[in-house]
Amino acid sequence: MRYELYYWPMIQGRGEYVRLALEEAGAGYTDVARRGNGMAAMTRMMEAGKGTPPFAPPFLKAGKLVIGQTANILLYLGSRHGLAPKAEAGKLWVHQLQLTIADLVLEVHDTHHPLGPSLYYEEQKAPAKKRTDEFWNTRVPKYLGYFEDLLAANGGIYVTGRRLTYVDLSLFQIVEGLRYAFPKRMKAFEEDIPGLVGLRDRVAARPNIKAYLASDRRIAFNEEGIFRKYKALDA
């Protein structure tokens with residue numbers, strides 16, 4: 001099956017977690033909105049008004065299925081491409097972890113847009129600085145400490161043990177994104193999460209991921225996505 005991924009063509013965003021899974025799996029897919037009239041096609045699917053239209057991208061078309069929400073897409077792909085445990089309990093556990101990562105991604109976004117996405121960053125600089133300080137003082141240690149402990153408890157290779165899952169790919173993206181957006185803060189914090197840093201390196205060295213990162217399919221981080229670099233927030 002060749003998948004169709006629908007997501008904004010100029011950013012990594014939430015679609016990147018799906019791209020990483022598809023790339024690791026070696027699955028054939030088209031990043032629809034990055035081609036021709038793909039943006040129009042994406043809009044038409046969201047405005048269909050019948051069937052199971054997605055609320056927002058990313059969403060994945062797999063045959064007749066249209067699957068929205070990042071964690072939901074990864075739940076589907078994981079069991080079909082060896083990126084999740086086979087047992088139901090394991091699948092639900094990995095899905096639960098991905099939902100926790102989704103919560104973290106939202107908090108990352110709120111560092112630069114604490115008053116909401118309808119305002120520019122420049123209109124909320126002071127609240128953003130306050131939110132970012134709180135994020136790094138309390139939220140980052142809580143989230144990344146949790147995953148660091150899971151790694152250690154399960155042998156330190158991958159989060160659930162010796163086999164990679166889509167959660168490991170997503171944690172790679174979290175580390176990469178925090179390094180981009182907050183290089184000073186992240187450099188100082190990495191000594192507290194050696195397991196996650198090692199996980200990031202193992203994922204980056206996997207052949208399919210390594211090839212993807214070196215290709216033009218990997219969109220560069222920029223200040224339109226979730227991870228944004230603002231000097232004032234990285235003090």
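The values are calculated or read from the model by the stated rules, or taken from the named source; none is laboratory data. Quick caveat, the model's predicted, so the values are computed rather than measured. Neighbour counts are summed over all protein chains in view; Cβ atoms, including those assigned to glycine, are modelled from backbone coordinates with ideal geometry. Just the protein is used for accessible areas: all its heavy atoms, side chains included, with ligands, DNA and RNA removed. Shrake-Rupley method; radii C 1.70, N 1.55, O 1.52, S 1.80 Å.
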* To do: Six or more apart or on different chains, Cβ under 6 Å: which pairs go from a residue in the range 184-205 that's free of Cβ contacts under 8 Å to residues at least 24 places away in the same chain to one that's among the basic types (Lys, Arg) and part of a helix (DSSP H, G or I)? Could you list them?
  => MET186/ARG179
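Mind telling me which of the residues LEU92, LEU171, LEU97, LEU104 ends up being of a type in the set (A, V, I, L, M), in the same structural domain as ARG202 (by the TED database), out of contact with any helix residue (DSSP H, G or I) (no Cβ under 7 Å at 6 or more places or on another chain) and closer than 26 Å to ARG19 by Cα? Talk me through it step by step, then tell me what you get.
Working: LEU171 fails: out of contact with any helix residue (DSSP H, G or I) (no Cβ under 7 Å at 6 or more places or on another chain); LEU97 fails: out of contact with any helix residue (DSSP H, G or I) (no Cβ under 7 Å at 6 or more places or on another chain); LEU104 fails: out of contact with any helix residue (DSSP H, G or I) (no Cβ under 7 Å at 6 or more places or on another chain).
Result of the check over LEU92, LEU171, LEU97, LEU104: LEU92.
Sort out which residues of the range 34-80 are on the phi > 0 side of the Ramachandran plot and among the polar types (S, T, N, Q), and write them in order of number.
Selection gives GLN69 alone.
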* Asked: over 25 Å from PHE189 (Cβ atoms), hydrophobic (A, V, I, L, M, F, W, C) and touching a residue at least 60 places away in the same chain (Cβ under 8 Å) - does that describe any residue in the range 122-130?
  -> no
* To do: Kindly check whether there is at least one residue in the range 48-62 that is modelled with pLDDT of 95 or more, over 19 Å from the mean Cα position of the chain (by Cα) and of a type in the set (A, V, I, L, M).
  => yes
* Structure fact -> (1) free of Cβ contacts under 8 Å to residues at least 24 places away in the same chain; (2) touching a helix residue (DSSP H, G or I) at 6+ places or on another chain (Cβ under 8 Å) all hold for ASN72 apart from (2)
* **Matching option when the condition is under 18 Å from the mean Cα position of the chain (by Cα) and open to solvent by 10 Å² or more (accessible area, probe 1.4 Å), among LEU213, LEU199** => LEU213
* Residues satisfying the stated conditions in the range 19-42, i.e. in a helix (DSSP H, G or I) and more than 19 Å from the chain's Cα centre (by Cα) -> GLY38, MET39, ALA40, ALA41, MET42
